[in-house]
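Contents: one structure, followed by commentary.
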Amino acid sequence: MPTGAETKARILEAAAELFHKGGFEATGVATILRHAGAHSGSLYHFFPSKEALLVGVMERHLQALRPTLLDPAERASDDPIERVFALLELYRRDLRITGCTGGCPVGNLALEVGDRKPEVRALIEEYFSRWVRRVRGWLEGAGDQLPAGLDRAALSRLILSVMEGGVMQARASGEIGPYDASVAQLRGGLALLMERAVRERDASREPAVGAESVAPREDRGHEERDHAERRSPLVPPAAGVGEPGPGLAPDPSAEEDDSALDRSAWRNW
């Protein structure tokens, strides 16, 4: 015979899955009980109302954030910036599994009920705050891979927006393409920031004007080769272009002014 804790866990699991798929308002208590294999007395013993059950579901999401998303992404790579993309890949995997009908369950709830239920809203805010803090820690751990004056807190929130926006567009279209395009733009933007960081490091090593000696040409050649070897895998050469690209091959159909705007926006971070 299942214990009370096991019954509660089944109810929370069923409710979380159903709220994710169909939304909070559209999911009836009877449907939750049927999926959980529980009686109404058991549900109301643990949760006096459907709203209390929603709070329980959000607390469950909050507890699962580290072990199911943040920690696996951190273990996926030793490179702090690649950890960001490992995290985004986990959301992509969910979109693929669900046929672009899933996405971020907390983002779904935020849109549906976040502005009407203060207790749930506080839990949603805490969930996203923890998400952003971990990503910010990775960006800070990247050190001089990124420009010294970069606002890494703001960038971490932008990354959250890219994920949520990409998920929303993928769900709307029923295809993974919009999510992939959003992540690709983020990767290209980070590549531009990393190029800027390389220039900053090179400038800091340049001899002062009027210095008595300049490194011989052969030594400068070694330095250039060393510099090339240190370049991040996020900045591969663009196909068919002599100079290294920003990490994405240019779209020939894009207007030149739009391209210049995109590049300058990232360089101003």
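Quick check, is ALA30 without any contact (Cβ under 8 Å) to a residue 12 or more places away in the chain, part of a loop (DSSP other than H, G, I, E, B) and either of a type outside the set (D, E, K, R) or more than 19 Å from LYS117 (Cα to Cα) (or both)? Against the criterion (without any contact (Cβ under 8 Å) to a residue 12 or more places away in the chain, part of a loop (DSSP other than H, G, I, E, B) and either of a type outside the set (D, E, K, R) or more than 19 Å from LYS117 (Cα to Cα) (or both)), ALA30 does not qualify. For the criterion of being surrounded by fewer than 18 Cβ atoms within 10 Å (Cβ to Cβ), more than 16 Å from the chain's Cα centre (by Cα), in contact (Cβ under 8 Å) with a residue 60 or more places away in the chain and at negative phi, ASP151 passes. Considering only segment 95-146, state which residues are at pLDDT 90 or above, charged (D, E, K, R) and either more than 17 Å from GLU74 (Cβ to Cβ) or surrounded by 16 or more Cβ atoms within 10 Å (Cβ to Cβ) (or both). Hits for segment 95-146 are ARG96, GLU119, ARG121, GLU125, GLU126, ARG134, ARG136, ASP144. Can ALA184 be described as surrounded by fewer than 19 Cβ atoms within 10 Å (Cβ to Cβ), out of contact with any His (no Cβ under 8 Å at 6 or more places or on another chain) and not in a helix (DSSP H, G or I)? When the stated conditions are applied, ALA184 does not pass them. Pairs linking a residue in segment 112-133 that is on the phi > 0 side of the Ramachandran plot to a residue that is surrounded by fewer than 18 Cβ atoms within 10 Å (Cβ to Cβ) and not in a helix (DSSP H, G or I), with Cβ atoms under 9 Å and 6 or more positions apart or on different chains, do not occur. Take the residues of segment 49-94 that are closer than 30 Å to THR27 by Cα and of a type in the set (Ser, Thr, Tyr): which is surrounded by the most Cβ atoms within 10 Å (Cβ to Cβ)? In this case the residue turns out to be TYR91.
Evaluate segment 162-177: report whether one residue or more is of a type in the set (Asp, Glu), touching a helix residue (DSSP H, G or I) at 6+ places or on another chain (Cβ under 8 Å) and surrounded by 17 or more Cβ atoms within 10 Å (Cβ to Cβ). Yes: one or more hits.
The values are calculated or read from the model by the stated rules, or taken from the named source; none is laboratory data. Just so we're clear, the structure is a prediction, and the values are computed from it rather than from any experiment. With ideal geometry, Cβ positions are generated from the backbone for all residues, glycine too; neighbour counts draw on all protein chains shown.
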